[in-house]
Amino acid sequence: MLYERALWRELVFNYVGVFLILLTITTTTLLIRLLGDAAHGELAIDAVLAFLGFGVFNFLPLILSLTLFIAVISVFARAYRDSEMAIWAGAGVSLWRWIRPVLVFALPIVLTIAVLDFAVIPWALSKKDDFRQMLNRRDELSIISPGMFTEAKQSDSVYFVESLAENGSQIKNIFVQSVDNHALGITVAQTGVHRQLANGERYLVLENGRRYEGNAGQADYKISEFGEYWMHILPQTVILHRDYGANATSTVELLRHPNNINQAEFVWRAGFPLSALVLALLAVPLSFVNPRAGRSFTLILGLLVFVIYNNLLGIMQSWVWQGHLSFLLGLAGLHVLMLGLAVFMFWQRTTLRQLGWR
């Protein structure tokens, strides 16, 4: 049909534009946050891109759902403003007939959200936990970056390295602050190398430098010069476990062990594709434009409905987790209620139009 092809073409252009904008905003916000963590020494520099990818994957269902809702509202709101909906209504195209093309456009997106929520995101979160454990097992020297102060996790030490040698095996102009037996020690050296003995012990060998030892606030500092100074690198505590949270557990495992926590997680995962489908339908009657309300009123109202819907979804998950709500009611109750609201708004719009013609 002509009206279906025109609608799909405009929906595609709007969806791609809104998706790129939301994805750019989300990626930029996550990148700034991760770079801040890296600047404070809470995250290694070489792990920023990996955690950025995990974070974007985690937000994709929300972005896809919100983009679908905004695209449908913006397309129909423009059609109402330009009186296209009135023309189509005069040609015999009822508001109910717009449900089919909207569903045809929304179903691939809803299926993508379902695949992400039920399969991809739990797998990505489990890999994120594995990657985080791998980073925690790295030794102190592997997280040092030139030009940045780095705090060691296994000892009360702070490292600063000005630069690396051309061959990459030697560091230059080193500053090390450590606390040994409640005494503050500051070591500076021109160069340093990493050495591992036959018994597996690892040392940072500093060359041509000075060491200052003493207590903070007192003047009895000891100053010593050295040609070589061997600093022992404490071994990392290796923690091998795969005790993931419910959000990183596969969907099959959630259904295999139906306790309150797993059922609440399943309610949350199923909620995004179901809410995306219901919101796509709700956007059609919700996009009606009142000329007295302004052009942005419909979009603001739609965003308010989206936020309320997702917050109610979180409340349903919490109630199922606490045992205050049954699994089936938490899974379908809210979506049935919102679908009923969409049907009522469709009926209201068509009834008002018929009364207006009369």
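Quick check on packing: order 68-75, 337-344 by the mean number of other C-beta atoms within 10 Å, highest mean leading.
Per-residue Cβ counts within 10 Å, averaged per peptide and sorted highest first, yield 68-75, 337-344.
For residue 326 and residue 12, what does the FRET efficiency come to when R0 = 41 Å and r is the distance between their Cβ atoms, rounded to the nearest 0.05?
0.55
Values in this text are rule-based calculations from the coordinates and carry no lab data. Just so you know, these numbers come straight off a predicted model, no measurement behind them. Cβ atoms come from the backbone with ideal geometry, glycine included; neighbour counts cover every protein chain shown.
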